[in-house]
1. Can you pull out the trypsin sites (Lys or Arg not before Pro) in region 58-127 whose DSSP state is coil and whose Cβ has at most 16 other Cβ atoms within 10 Å?
2. Spelling out what I want: for every residue of region 28-34, take phi, set θ = phi - 60°, compute 6.51 cos²θ - 1.76 cosθ + 1.60 (Karplus), and round to whole Hz; glycine and proline get x.
3. Can you bin the chain into rounded, prolate or oblate? Criterion: square roots of the alpha carbon gyration tensor eigenvalues sorted a ≥ b ≥ c, rounded for a/c under 1.5, prolate for a/b above b/c, oblate for the rest.
4. Between Gly192, Pro204, Gln98, whose Cα lies farthest towards the positive end of the dipole of the chain when Lys and Arg beta carbons carry +1 and Asp and Glu beta carbons carry -1, centred on the Cα centre?
5. Answer rounded, prolate or oblate for region 77-181, using the Cα gyration tensor with square roots of eigenvalues a ≥ b ≥ c: rounded when a/c is under 1.5, else prolate when a/b is larger than b/c, else oblate.
6. Test of understanding: what is the full-extension gain from Arg61 to Asp200, defined as 0.36 nm times their sequence separation minus their Cα-Cα distance?
7. Would you calculate a helix-derived [θ] at 222 nm for the chain, using -39,500 (n - 2.57) for each DSSP H run of n ≥ 4 and dividing by the full residue count, to the nearest 500?
8. Just report the Cα centroid separation between region 58-75 and region 81-154, whole Å.
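Just so it is clear, none of the values below were taken in a lab; they were calculated from the coordinates. This structure is a prediction, so every number in the text was calculated from the model and none was measured. As a convention, Cβ positions derive from the backbone with ideal geometry for all residues, glycine included, and neighbour counts pool all protein chains shown.
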Amino acid sequence: MDVYEAVESRRSVRAFSDEPVPREVLDRVLAAASRSPSSGNLQPWQVVVVAGEPLAALKERAGARARAGDPGDERVYPMYPPALAEPYAGRFAAAAAQRYAALGIDRDDPGRPARVAALNTEAFGAPAVLFLYLDRAMGPGQWADAGMYLQTVMLLLRAEGLHSCPQVMWTMYRRTVDAAVGADDGLVLVCGVAVGFERDGVPPLRTGRAPLSETVRFVGV
Ligand SMILES: Cc1cc2nc3c(=O)[nH]c(=O)nc-3n(C[C@H](O)[C@H](O)[C@H](O)COP(=O)(O)O)c2cc1C
């Protein structure tokens, strides 16, 4: 699979089969992803991959919180700016509408937030979840490094025939995740990534993208 194919075929999958992800595949992907660039070569990412019984227990504990309508732990960082202006608000709304339709959730359902959170805490059925942490002392530059690292991991997973879904939603229940993986207060959970094989027969969700004219400018090219 070439890089274009990996980029094109990566999408956030929200229906995984329970087929386990072999440990040697994870080793291969994470070893290759360590070549991801980082400012000053700090390599600030700290990763915990959880599967099997510990993941089942974590899904159960976080799921119980979600189903009870628990609004989540105090946030370490905001998921989004408090007021999302255009064009971001429109893009957000369009993606959310597509996502709810694909998950069979009615947009007007008052129980929607709890249902969305509950589906996320099941990692959409994924048999493995990668949790990405940063040292609390790290700043915006290292958060950018973390994003690059995550995309590298997700593209390499495609090369292995696997799919993923990045999940900031896990940060809602970060204390439950921290306890499950033994992360202390010096670490900040950036996000989780559900990892696995896509379940057969689920129509793929292809999200849109803004035209390049909205996001790219050339100067002197
Ligand atoms: C950092 C990050 C966090 C995300 N968190 C969630 C999440 O909690 N739940 C979810 O269903 N999708 C989540 N997504 C997936 C986005 O909704 C998705 O990337 C976007 O709509 C574009 O769709 P695509 O990934 O299929 O191309 C997240 C994506 C990123 C990059």
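1. Answer in residue order: Arg75, Arg107.
2. These are the phi-based 3J(HN,Hα) values: 5, 5, 6, 5, 5, 5, 5 Hz.
3. The shape class here is rounded.
4. Toward the positive end, the furthest listed residue is Gln98.
5. The shape class here is rounded.
6. Full-extension gain reported as 47.3 nm.
7. Taking each H run of at least 4 residues, the total per residue is -13000 deg cm²/dmol.
8. Computed from Cα coordinates, the inter-centre distance equals 16 Å.
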